[in-house]
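Here is the structure we will look at.
The values are calculated or read from the model by the stated rules, or taken from the named source; none is laboratory data. Just so we're clear, the structure is a prediction, and the values are computed from it rather than from any experiment. Cβ coordinates were reconstructed from backbone atoms using ideal geometry, including for glycine residues, and neighbour counts include every protein chain displayed. Side chains are part of the model used for accessible areas, which takes the heavy atoms of the whole protein and leaves out ligands, DNA and RNA. Shrake-Rupley method; radii C 1.70, N 1.55, O 1.52, S 1.80 Å.
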Amino acid sequence: MIEQLKALELESLDKLKAIDSLSDLDQWRVEVLGRKGSLALLLRGMGQLPAADRPAVGARANEVKNTLEAAYALAENGIKQQAIGQRLHQDQVDVTLPGRRPGSGRLHLSTQSLQEIGRIFATMGFQVWESPEVELDLFNFELLNIPPYHPARDMQDTFYTTNSDILLRTHTSPGQIRVMRRYAPEPIRVILPGKCYRFEQVTTRSDIQFYQVEGLAVGRHITLADLKGTIANFAIQMFGPGREVRFRYSYFPFTEPSVEADVDCIICGGKGCRLCKYSGWLEIMGAGMVHPTVLRNGGYDPDIYSGFAFGMGPGRISMLQHAIDDIRYILTSDLRFLEQF
Ligand code: PHE
């Protein structure tokens, strides 16, 4: 029986060596060490041994059992370690590979042009001031000399709130009144950038939401020549040296006289092309001398003070600068478009 135990031990250890998975290992345990395993089976024969031999066989059987159990535990540990090693190997990082660059963000085209416009006017001493997007009818229209029957006040053109005295500003000009009331009678030189809203048909050239940059200078002895010089300087800084500016007579209720400023076409230089609709000129802003009524509404005596104001659409200016043919690209967040700037 001692011989048989020896043979069982060697055979079982041999089998164990070939095992490399936990499921095979478990099967081995059942077959060898289980209640109906080969060791148990062999020991059932102990009963037929002479009583004198039994202690020695019993002791030997225990040794074999311990050896096999220890071998089992060792094998189990080995297989588990191997599995971990394999996972580590699969997950390993090659630190010599070149890194992946994180995509870097950029400023939106609208922000870029607002900053550029701000920078240019700063060179001429203009400060940036902000005023509310939700406005009173009083500031958006009435104090700007826009009478109750003026078509701009129509429900078709303006977004009103449920309170008909409160609306989304249709232009940045109400900021003129707010700045003047804040600083009168001090001299003023500010620009007022911000969003405006108009309840209008959306087209390639106009959206219901857009940016404007208002400009306002108030003080003693300010003349139309100051307005012209300021705008000519802006055009050169914005569009490049050699740009020519032209002023056309226009009408706004809050300026007198009123003008519209054009630059010679940046594509054709004035010869005529699609961008300028064969006129040679591109319109860049409305402007004028602040109307005496508006000065008075802002707290300045028009007999002593005068001023100029202008209002431009930076969206339009970006379109001219980059030859963009549809203003809607600017506010829809299509990265294929935005990443070009
Ligand atoms: N507020 C005018 C507009 O929206 C532009 C403008 C501003 C004209 C200031 C003259 C002076 O069209």
Are any residues in region 234-254 assigned to a strand (DSSP E or B) and touching a residue at least 12 places away in the same chain (Cβ under 8 Å), and if so, which ones? Val245, Arg246, Phe247, Arg248, Ser250, Phe252
Which one is nearest to the ligand (Cβ to nearest atom) among residues in region 225-246 that are touching a Phe, Trp or Tyr at 6+ places or on another chain (Cβ under 9 Å) and open to solvent by less than 60 Å² (accessible area, probe 1.4 Å)? Leu227
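Going through Ile304, Ile266, Ile330 one at a time, which residue ends up being over 30 Å from Met180 (Cβ atoms), in contact with a Lys or Arg (Cβ under 9 Å, 6 or more places away or on another chain), in contact (Cβ under 8 Å) with a residue 40 or more places away in the chain and of a type outside the set (Ser, Thr, Tyr)?
On the way: Ile304 fails: over 30 Å from Met180 (Cβ atoms); Ile330 fails: in contact with a Lys or Arg (Cβ under 9 Å, 6 or more places away or on another chain).
After ruling out the rest, the residue left standing is Ile266.
Consider region 272-293. How many of its residues are touching a residue at least 40 places away in the same chain (Cβ under 8 Å) and either in contact with a Cys (Cβ under 9 Å, 6 or more places away or on another chain) or within 21 Å of Arg248 (Cβ to Cβ) (or both)? Even if it seems obvious, please write down each step before you answer.
Of all residues in region 272-293, those touching a residue at least 40 places away in the same chain (Cβ under 8 Å) come to 275, 284-285, 287-291, 293.
Okay, now just the ones that are also either in contact with a Cys (Cβ under 9 Å, 6 or more places away or on another chain) or within 21 Å of Arg248 (Cβ to Cβ) (or both), so 275, 284-285, 287-291.
Counting residues in region 272-293 that are touching a residue at least 40 places away in the same chain (Cβ under 8 Å) and either in contact with a Cys (Cβ under 9 Å, 6 or more places away or on another chain) or within 21 Å of Arg248 (Cβ to Cβ) (or both) gives 8.
Report yes if Ile330 is more than 16 Å from the ligand (Cβ to nearest atom), in contact with a Leu (Cβ under 9 Å, 6 or more places away or on another chain) and outside any loop (DSSP other than H, G, I, E, B), otherwise no. Steps first, please.
Working: more than 16 Å from the ligand (Cβ to nearest atom): yes; in contact with a Leu (Cβ under 9 Å, 6 or more places away or on another chain): yes; outside any loop (DSSP other than H, G, I, E, B): yes.
Against the criterion (more than 16 Å from the ligand (Cβ to nearest atom), in contact with a Leu (Cβ under 9 Å, 6 or more places away or on another chain) and outside any loop (DSSP other than H, G, I, E, B)), Ile330 qualifies.
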When region 148-184 is examined, which residues are found to be within 16 Å of the ligand (Cβ to nearest atom), under 12 Å from Leu136 (Cβ atoms) and open to solvent by 10 Å² or more (accessible area, probe 1.4 Å)? Leu168, Arg178
Looking only at residues that are among the small types (Gly, Ala, Ser) and open to solvent by less than 40 Å² (accessible area, probe 1.4 Å) in region 272-293, which one is nearest to the ligand (Cβ to nearest atom)? Gly286
Quick check: anything in region 213-220 open to solvent by 20 Å² or more (accessible area, probe 1.4 Å), assigned by TED's automatic domain parsing to the domain that holds Gln176 and more than 30 Å from the chain's Cα centre (by Cα)? yes
Looking at (1) loosely packed, with under 14 Cβ neighbours inside 10 Å; (2) among the polar types (S, T, N, Q); (3) in contact with a helix residue (DSSP H, G or I) (Cβ under 8 Å, 6 or more places away or on another chain), which one does Gln86 not meet, given that it meets all the others? (3)
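Which ones in region 30-48 are open to solvent by 90 Å² or more (accessible area, probe 1.4 Å) and either in a helix (DSSP H, G or I) or under 24 Å from Gly78 (Cα atoms) (or both)?
Just the residues of region 30-48 that are open to solvent by 90 Å² or more (accessible area, probe 1.4 Å), to begin with: 31, 35-36, 41, 44, 48.
Listed by number, the residues that qualify are Glu31, Leu41, Arg44, Gln48.
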Residues being more than 25 Å from Gly118 (Cβ to Cβ) and open to solvent by 40 Å² or more (accessible area, probe 1.4 Å): count how many of those fall in region 247-269. 7
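Condition (residue is of a type in the set (A, V, I, L, M), open to solvent by less than 50 Å² (accessible area, probe 1.4 Å) and modelled with pLDDT of 95 or more) applied to region 59-71: is it met by at least one residue?
First pass over region 59-71, keeping only residues of a type in the set (A, V, I, L, M): 59, 61, 64, 68, 70-71.
Going one step further and asking which of them are open to solvent by less than 50 Å² (accessible area, probe 1.4 Å), we end up with 61, 64, 68, 71.
From what's left, modelled with pLDDT of 95 or more: none.
No, the conditions are met nowhere in region 59-71.
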Across region 301-327, the tally of residues that are farther than 16 Å from Ser113 by Cβ, away from the ligand (no atom under 16 Å from the Cβ) and buried (at least 21 other Cβ atoms within 10 Å of the Cβ) stands at 1
